[in-house]
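The values are calculated or read from the model by the stated rules, or taken from the named source; none is laboratory data. What you see is a predicted model; the values in this text were computed from it and never measured. Virtual Cβ from ideal backbone geometry, glycine too; neighbours counted across all protein chains shown. Side chains included, ligands, DNA and RNA excluded: accessible areas come from the protein's heavy atoms. Shrake-Rupley method; radii C 1.70, N 1.55, O 1.52, S 1.80 Å.
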Number of protein chains: 2
Amino acid sequence: MLSPRSVAVVGASPEPHGIRGALLRLMRKNGFAGALYPVNPSHREIDGLRCYPDVAAIAAAIDLAVVAVPAAAVPGVLEDCAAAGVANAIVISSGFDEDVMAPAGLQDGIAALARRTGMRVCGPNAEGFHNEVDRVTATFSPATDRDAGAARVSLGRRIGIVAQSGGMGFALYNRGCAMGLAFSIVATTGNEADLTAADFLAHLAARDDTDAVLMFLETVRDPEGFVAAAQAARRAGKPVVAIKIGRSAAGRAAASSHTASMAGWDTAYDALFQRLGIAVARDPDEALALSAALLTNPPARGRRVAIVTISGGAGALAADVVTAAGLQVPELAAATQAAIRAFIPSYGATRNPVDLTAGGFVGGGLLRTLEILTRDDGVDQIAVAVTLSNTARVSFDISGLSKIIAERRKPVLFYSYTLPSPFGQDALVAAGTPVFASLETLAAAARVLARPAPPPDPAALPAAELPAAALAVVAATDGPLAEHAAKAFLAAAGLEVPAGALAGREQDLDGIAARLGFPVAVKVQSSDLPHKTEAGGVRLGVTGVPALRAAFRDVLAAARAHAPQARIDGVLIERMAGPGVEMIVGVTRDDAFGPVVMVGAGGVMTELFHDTACRLAPVDEAEALSMLRELRSAALLEGFRGAPKADVTALARLVAQVSRLAAAARDRIAEFELNPVIVHRAGDGCTIADALVVPGPDPRGA
Amino acid sequence: MLSPRSVAVVGASPEPHGIRGALLRLMRKNGFAGALYPVNPSHREIDGLRCYPDVAAIAAAIDLAVVAVPAAAVPGVLEDCAAAGVANAIVISSGFDEDVMAPAGLQDGIAALARRTGMRVCGPNAEGFHNEVDRVTATFSPATDRDAGAARVSLGRRIGIVAQSGGMGFALYNRGCAMGLAFSIVATTGNEADLTAADFLAHLAARDDTDAVLMFLETVRDPEGFVAAAQAARRAGKPVVAIKIGRSAAGRAAASSHTASMAGWDTAYDALFQRLGIAVARDPDEALALSAALLTNPPARGRRVAIVTISGGAGALAADVVTAAGLQVPELAAATQAAIRAFIPSYGATRNPVDLTAGGFVGGGLLRTLEILTRDDGVDQIAVAVTLSNTARVSFDISGLSKIIAERRKPVLFYSYTLPSPFGQDALVAAGTPVFASLETLAAAARVLARPAPPPDPAALPAAELPAAALAVVAATDGPLAEHAAKAFLAAAGLEVPAGALAGREQDLDGIAARLGFPVAVKVQSSDLPHKTEAGGVRLGVTGVPALRAAFRDVLAAARAHAPQARIDGVLIERMAGPGVEMIVGVTRDDAFGPVVMVGAGGVMTELFHDTACRLAPVDEAEALSMLRELRSAALLEGFRGAPKADVTALARLVAQVSRLAAAARDRIAEFELNPVIVHRAGDGCTIADALVVPGPDPRGA
């Protein structure tokens, strides 16, 4: 489809500015070298090309049909195409599932036709594609209408774009060309009746002319295909960068309505991208910056950035922005500072930022500094903030820079605090490095270069089994499992839960107390009361049988007063947990990507500050530890304000256990919430103080 | 200084590319119409201009001398200037306090000369200034070396720049010109031996040719002057936008070393800027975006943004970015949606984002939509995401847009998802609106347009008095006040503290218990033990005399074990506070700006999440309430998870009281920390459970 030797444009028009006219005009203007067949019964010739009344009339092999006719006529045209042996079709026409007025089944008919005939279809409602290597412009996007005279220097390695929004796909291309990036293919996928973004990703991962892939996603319609394609890209060493829209309620509604799809759950996407090693960008400029950085730099060993500048103000600002992005700007080693000091004026600076000053810059100061810093093991990345606005010269040796960049010892990132002139930017691009448009995008690039390697493929982790006893607990209940049942399920699955017993009647209490000792927690149990604390159904730290009896009566009375209709299973009496740090461990099952495990600080911190770390389940203990390190509240576990260090190992083991259990129970458990999990001092383990488990069949089927 | 009619360039050189040659060359190239006198004993003529051996030889009135000679020669040149009656001088030369090798006193000598002679001096180590209105280019910055042919359309209203970094000052000018902004004056202030950034701000606030001021600050050397200048700008209705560097440790060190200044405390700057209504930007592009937005738009009444686009993907992305910046993208009113629906295709969207689609866009759809939205009271601002890359036409009626913008009913902000062509950008600039370079900067602009009006001038608040009894408490101690003394100080100053008593001996306890009742808190008291909880010196919820005696002995023993040398004042016995939300109220005194009052959630949240709100002291209760609303943990006070609503009014009153006390005690108290303050349910007030007060003289003198 993307490298056709013969193309039919169905609906071609001689009017050069409309959508249908632009298809033919741009294909020719951009130098398509294959056979081109306009199809339109109203014309016998368009712009010197013979025009055919229908596809059948062409009587030659057709690799690709580009279809731009009214929606109602599309099914007939596609049938004609399939009958004529056309291999691939792109449906540019709108008026399908994205249109509330479209006839029911119109788009499904296209999908069925593709399955039936084997002809692959992109769209409908697609903006088409542009193949810059093979010179195929199967789109009306004006972004591909570039004057040959405007061709500028670009980085040799090429980026492929896959976008579910035509406007944004070609906007990425347009903005990327301006910063000197080279592209192979820009593909827009429209409503994805047949081919999805995952298919295009898989194809680009396999193409020799594509070194990285940039995606603009509204949804992922084919989760398994997407995961496989992303893993193929990873194996091929091709970085993938994605913008995923729908993070806000309004954005989600917009993404879902105009492409007639359900946008997925945000956290699941982030966990998926993290697992697949896909770098996530917030907006087009950041996405291009990340792509450019990953394409032209080796990964960084860490977060320590050396800043080199000729303006003290620019250097200090760069330090602020880079630090705010989570990187470090440490003082350079004494030997490094002395080596730089040797060739800069006394009013320069060497600590970090390094301020060469204009005096230290002339005569090769920048390259000497880069040489020194690329060999300093205390520096992971180098950010250079200079001025490249001169329209006729660059004040350092470009071929020397070229050599340093080609050695790929560590990332070197450039920013021009004045706007770079086309001349200045081209010079750096020719040397093999982009110029970042802002310090913010440079910092985002540095962060992505310093990210840890993605975790092992979950498929490589040992599969957990779900014991029959655990299955029995789930089978015995409909609706959410109350705490005692949830803990019975967890225990049956091999997790450690607190010693406890369910008391049905007050006379049970003596025996339970004798077995457990004091103090105990007293908690009313009902599937209808998931928030038992707020219902007054919990008493903690109860000591002595009289107090226990009183607590038993109190929690039952409170529950009945709060929810008279609630079915009450009894009262759970549990040995009180010792002190520790309160955390939450949870799992939510995403409809597309399956269970996502989450860990966060307990109490209000998860809710108010969203301080959580998430991964696709399952994870191993090492990955669970890396989740804990991501938390801002990690300090609580490390022995905050003189508190003892908490048993992080035990917590990581619990997170991994829960994630394996969730993966094994994927087809029957929708949600886990262990809240709080009390993490005791190092060596003393952790306690699942409360637990909620919500069964539910997997919407994707068994 | 900034609009001279006669200028001497001391150190002028015929070499066109060096710093000294560029001064003369740029002054002439940019059309300076006054008298220009090169001064250099080595030349009799430079580029057709008579060259003078020294300033005295000129024998004419000189408004401005631009001095670019070696540092050691600067004092002599300035003496000559003063003797010749030169009114103002700019010292471009480096080699003063920013240079570790500079002779001691060289820069102080310049300051003294200015004071002695009345000649005003900018610099040394300044990059000079550029006055675009009067065509005075007293700088060597290549950013001012613009080809006349490159002149493009610009917004009529002008921005003045004041920068402590020459490189960044002219980078702001360079980037601003590229986005179609007009500037009056770009002034860079160097080491500020005499004139400071505050002087330039005051001057720009008074100039008719300047409508807004953009500042790049490393420090504020003249706090009172700065406050007065910012207030003058506010009275004149001229927005001020500032980048303040030094937010990171590395940035702070860099800012302080290369300008030989102490960069101030971050929080104090933020509090100062907030008080003065100065909008804070993180980087140059954001600063330019905020300046442009404030210059061309009315303030917004709120945070509700309507997004209008022709690309569903761009609209959804804009919704995400705008929401992430703290704004809202609410569904539009039914009547508004119906009005827009009338002229767009069925596959368009009207909820918000509004997706006009290409079909709804042609024939005036954008302007009709803007007309509708500017009249909808449910919309505070409008963000338009379209494509402006066409090099020859803009697909909507520019004069109609011009009219809508001129009406200034509400902010209308434009973004082009493809890069705007010069043609497209110029068309919008001519219509009176900039095109934002990114969705991030557009969102930052929308946020700043929606910010609340700054609080009343602190000078307008009633001054608090410091009672003699309170002064006596401070005078009686050296070093930090232990809790009992701090509370005595607060009580003497009129704040409510818990009932309690200091017990020196065990036999005091009976009487104290009889007076206070139970339960009580038992806390060892020593100025040497500010962290008494971590030393084991606190017992809470003690009930009954035997337990009280035991607690008394325990806390003393723990304190002695923890710090054998600590001087112990006794043990504070206090009535236990009721339950509530734990908050922190504190004051830190900034060396430059005086006391800054802070409020935040207690416990770990302030420390881990930096969830605090700060203001220059004093604040009134209304402003204290607005501080509370800024906190992410505000939800805790509003009755989180079924908890009762807390007494926010009492907390606001306490914050205001503490801020007034801190302002009154500015010359003797360096720090307050009330931690925790327990805020009880609404109507029940709050309790200062613990308090620390650190005396210390004001470093600025009485």
**Prompt:** What does the highest-first list of B:60-70, A:391-401, A:196-206, A:24-34 look like by mean Cβ count within 10 Å?
**Reply:** A:196-206, B:60-70, A:24-34, A:391-401
**Prompt:** Across the residues of B:345-352, average count of Cβ atoms on other protein chains within 10 Å?
**Reply:** 5
**Complete:** When the charge dipole of chain B is computed with +1 at the Cβ of Lys and Arg and -1 at the Cβ of Asp and Glu, the Cα pointing farthest to the positive end, of B:348, B:308, B:504, is that of B:348
**Prompt:** Given H placed on each backbone N at 1.01 Å, which residues far from residue B:414 in sequence or on other chains put an amide H within less than 5 Å of it?
**Reply:** B:384, B:436
**Request:** Give me the lysines in straight-line cross-link reach of residue A:487: C-alpha distance below 22 Å, same-chain residues under 8 apart excluded.
**Result:** A:523, A:532
**Prompt:** Under a straight-distance cross-link criterion of Cα-Cα below 23 Å, which lysines are reachable from residue A:410, leaving out those fewer than 8 residues away in the same chain?
**Reply:** A:238
**Request:** Could you work out how far apart the two model spin labels at residue A:534 and residue B:59 are, taking each label as a point 7 Å from the Cα in the direction of the beta carbon, and quote it in nm?
**Result:** 9.2 nm
**Prompt:** Once you sort the root eigenvalues of the Cα gyration tensor of the protein assembly as shown as a ≥ b ≥ c, which label holds: rounded (a/c under 1.5), prolate (a/b larger than b/c) or oblate (the other case)?
**Reply:** oblate
**Complete:** Mean Cβ-within-10 Å packing, highest first, puts peptides B:109-116, B:245-252, B:270-277 in the order B:245-252, B:270-277, B:109-116
**Per-residue average of Cβ from other chains inside 10 Å of A:169-177** = 4
**Request:** Treat every Asp and Glu Cβ in the range A:298-449 as -1 and every Lys and Arg Cβ as +1, leave all other atoms uncharged, and give the resulting dipole magnitude about the Cα centre to the nearest 20 debye.
**Result:** 260 debye
**Prompt:** Relative to the longest principal Cα axis of chain B, at what angle does helix B:648-664 sit, 0 to 90 degrees, rounded to 10?
**Reply:** 70 degrees
**Message:** Give me, ordered by chain and number, the residues 5 or more places off residue B:280 or on other chains with an amide H under 5 Å from its own placed amide H.
**Reply:** B:242
**Request:** Between chains A and B there is a rotation axis; tell me the chain A residue with the nearest beta carbon and how many whole Å away it sits.
**Result:** A:609, 3
**Complete:** Per the 1/(1 + (r/R0)^6) rule, R0 = 22 Å and r from the Cβ atoms of residue A:83 and residue A:47, FRET efficiency to 0.05 is 0.20
**Prompt:** Could you give the angle, 0 to 90 degrees to the nearest 10, between helix B:439-449's Cα long axis and the longest principal axis of the Cα atoms of chain B?
**Reply:** 70 degrees
**Prompt:** Along the positive direction of the dipole of the range A:152-296 (beta-carbon charges: Lys, Arg +1; Asp, Glu -1; about the Cα centre), which of A:190, A:226, A:213 reaches farthest?
**Reply:** A:213
**Item:** Lys, Arg +1 and Asp, Glu -1 on Cβ, resulting dipole of chain B about Cα centre, debye, nearest 20
**Value:** 1400 debye
**Complete:** Averaged over the residues of A:427-438, the number of partner chain Cβ atoms within 10 Å of each residue's own Cβ comes to 1
**Request:** Towards the positive end of the charge dipole of the protein assembly as shown, with charges on Cβ (+1 Lys, Arg; -1 Asp, Glu), say which of B:650, A:484, B:422 has the farthest Cα.
**Result:** B:422
**Asked** Ranked highest first by average number of other Cβ atoms within 10 Å, how do B:350-359, A:644-653 line up?
**Response** B:350-359, A:644-653
**Environment charge of residue B:93, counting only residues whose C-beta is closer than 14 Å and scoring Lys/Arg +1, Asp/Glu -1** = -3
**Asked** From the Cα gyration tensor of the range A:1-127, with a ≥ b ≥ c the square roots of its eigenvalues, which class applies: rounded if a/c is under 1.5, or else prolate if a/b is larger than b/c, or else oblate?
**Response** prolate
**Complete:** Rounded to the nearest 0.05, FRET efficiency between residue A:698 and residue A:638 (Cβ-Cβ, R0 41 Å) equals 0.60
**Request:** If a/c stays under 1.5 just call it rounded; otherwise compare a/b with b/c (prolate if a/b is bigger, oblate if not). Do that for chain B, with a ≥ b ≥ c from the square roots of the Cα gyration tensor eigenvalues.
**Result:** oblate
**Message:** Let's test the formula: R0 of 60 Å, r as the Cβ-Cβ distance of residue B:629 and residue B:206. What FRET efficiency results, to the nearest 0.05?
**Reply:** 0.95
**Prompt:** ³J(HN,Hα) across the range A:538-551 via Karplus (A = 6.51, B = -1.76, C = 1.60, θ = phi - 60°), whole Hz, x for Gly/Pro?
**Reply:** 9, 10, 10, x, 7, 10, x, 5, x, 5, 5, 4, 4, 5
**Request:** Lys and Arg at +1, Asp and Glu at -1: add these up for the other residues within a Cβ distance under 13 Å of residue B:487 and post the number.
**Result:** -4
**Asked** What is the dipole size for the range B:1-127, taken about its Cα centre, with +1 at each Lys and Arg Cβ and -1 at each Asp and Glu Cβ, in debye to the nearest 20?
**Response** 460 debye
**Request:** Any chance you could give the angle, 0 to 90 degrees and rounded to 10, that helix A:166-178 forms with the longest Cα principal axis of chain A?
**Result:** 70 degrees
**Message:** As a test of reading the structure, rank B:222, B:108, A:611 by solvent-accessible area (1.4 Å probe, protein chains only), most first.
**Reply:** B:108, B:222, A:611
**Prompt:** Looking at the protein assembly as shown, what % of its DSSP beta bridges pair antiparallel, to the nearest 5?
**Reply:** 50 percent
**Item:** Rounded Å value of the spacing that divides the Cα centres of the range B:484-507 and the range B:553-612
**Value:** 15 Å
**Prompt:** Around residue B:518, what is the net charge, scoring Lys/Arg as +1 and Asp/Glu as -1 over all other residues with Cβ under 14 Å from its Cβ?
**Reply:** +2
**Prompt:** Given the protein chains as shown and a 1.4 Å probe, how many square angstrom of residue A:661 are accessible, to the nearest 10?
**Reply:** 10 Å²
**Prompt:** Pulled fully out, how much extra length does the chain show between residue B:403 and residue B:301, if you take 0.36 nm times their separation in residues and subtract their Cα-Cα distance?
**Reply:** 34.6 nm
**Complete:** Calculated from DSSP helices alone, with each H run of at least 4 adding -39500 (n - 2.57) and the total divided by the residues of chain B, [θ]222 nm to the nearest 500 comes to -10500 deg cm²/dmol
**Request:** Taking H placed 1.01 Å from N in the peptide plane, check which residues at least 5 places from residue B:670 or on another chain put their amide H under 5 Å from its amide H.
**Result:** B:694, B:696
